[in-house]
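Novice: Below you will find the structure I want to go over with you.
Just so you know, all these numbers are worked out from the coordinates, no wet-lab data involved. Please read these numbers as outputs of a predicted model, since none were measured by experiment. Neighbour counts run over all protein chains shown; Cβ positions are idealised from the backbone, glycine included.
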């Protein structure tokens, strides 16, 4: 659950929203979902008070919009993990540096603000974001982070389009997606989970690898295809993802 103090709140209601989140999050925890807070970006008149509120209520993580290395550094070295929202040209360019900051736990793509800045136009096939998605995946891996979170899908009622977008993101290496409505959660979880056919393939690969290793072979054939260490590692990764799910 994300309490959004940024885009979801008009300037005149920022103080009231912050006080409400503080009261709710400071109370006893009775539910399982993680508690996250999206603060206002660095440089706004609301940011410092948001950060102070976060320090008082200690959420599970902080979402930082318009993330840059300097913006992450301004949060200080102590506090909850940070999910850095990369939604500017500078943020995309410096995604590795952002992900290398100690408090950053993951990157997330913010497509709407990025698109407005650089002039991207949404396409049904998602081609306008292929570079951004791929770069954040590579930068996350290089920085030692988990895979990044994909963009929000703005059309709440478009279930098929949402699932297709998730499948595209997963194929590019992302592992998760920000949601703007509870109805999207089940679709996103299903789309990012390994399928039964993928898991069956992964189990066969791992079993065949163990058998091949027992006979001193590092490369073997399965279902007519060559299997070597990178293929086995992918199979083990799929099984680990299913276990975490």
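Novice: Within region 142-157, find all residues whose amide N lies under 13 Å from a label point positioned 7 Å from the Cα of residue 34 along Cα-to-beta-carbon.
Specialist: Label zone hits: 146-150.
Novice: What length, rounded to one decimal in nm, is gained on full extension from residue 242 through to residue 159, with 0.36 nm per residue of separation minus their alpha-carbon distance?
Specialist: In short, 27.6 nm is gained.
Novice: Could you work out how much longer the chain between residue 234 and residue 198 gets when fully extended? Use 0.36 nm per residue separation minus the Cα distance between them, nm to one decimal.
Specialist: Here the segment from residue 234 to residue 198 would lengthen by 11.9 nm.
Novice: Just to be sure I understand: with springs between alpha-carbon atoms less than 10 Å apart, which residue in 142, 212, 169 has the highest mean-square fluctuation in the Gaussian network model of the chain?
Specialist: 212
Novice: Shifting gears a bit: How large is the Kirkwood hydrodynamic radius of region 31-117, counting all unique pairs of alpha carbons, in Å?
Specialist: One over the average 1/r among Cα pairs gives 13.0 Å for region 31-117.
Novice: So, in nm, how far is label residue 226 from label residue 186 when the simple model puts each one 7 Å beyond its Cα toward the Cβ?
Specialist: With each label point 7 Å from Cα toward Cβ, the separation is 4.5 nm.
Novice: Restricting to the chain, compute how many DSSP beta bridges are antiparallel as a %, nearest 5.
Specialist: 15 percent
Novice: Compute the separation of the alpha-carbon centres of region 42-72 and region 200-245 and state it in Å as a whole number.
Specialist: Region 42-72 and region 200-245 have Cα centres spaced 43 Å from each other.
Novice: How big is D, in µm² s⁻¹, for region 196-244 by Stokes-Einstein at 25 °C and 0.890 mPa s if Rh is the Kirkwood radius over C-alpha pairs?
Specialist: The diffusion coefficient I find is 226 µm²/s.
Novice: Ok, one more. Quick check: the angle from helix 130-142's long axis to the longest principal axis of the chain, C-alpha only, nearest 10 degrees?
Specialist: With both axes taken from Cα atoms, the answer is about 80 degrees.
Novice: Given Cα pairs under 8 Å that are at least 6 residues apart, what percent is the relative contact order of the chain?
Specialist: Dividing the mean separation by the residue count of the chain yields 11 percent.
Novice: Still on this structure, I have one more. Cut-off 10 angstrom, C-alpha nodes, Gaussian network model of the chain. Which of 44, 68, 195 fluctuates the most?
Specialist: Evaluated over the chain, the most mobile residue of the options is 44.
Novice: Along the Cα→Cβ direction, 7 angstrom out, place labels at residue 127 and residue 60. What is the inter-label distance in nm?
Specialist: Each label point is offset 7 Å from its Cα along the Cβ direction, giving 3.9 nm.
Novice: Put one equal scatterer on each alpha carbon of region 2-192, apply the Debye formula with no solvent term, and list log10 I(q)/I(0) at q = 0.11, 0.16, 0.17, 0.18 1/Å to two decimals.
Specialist: -0.48, -1.05, -1.18, -1.30
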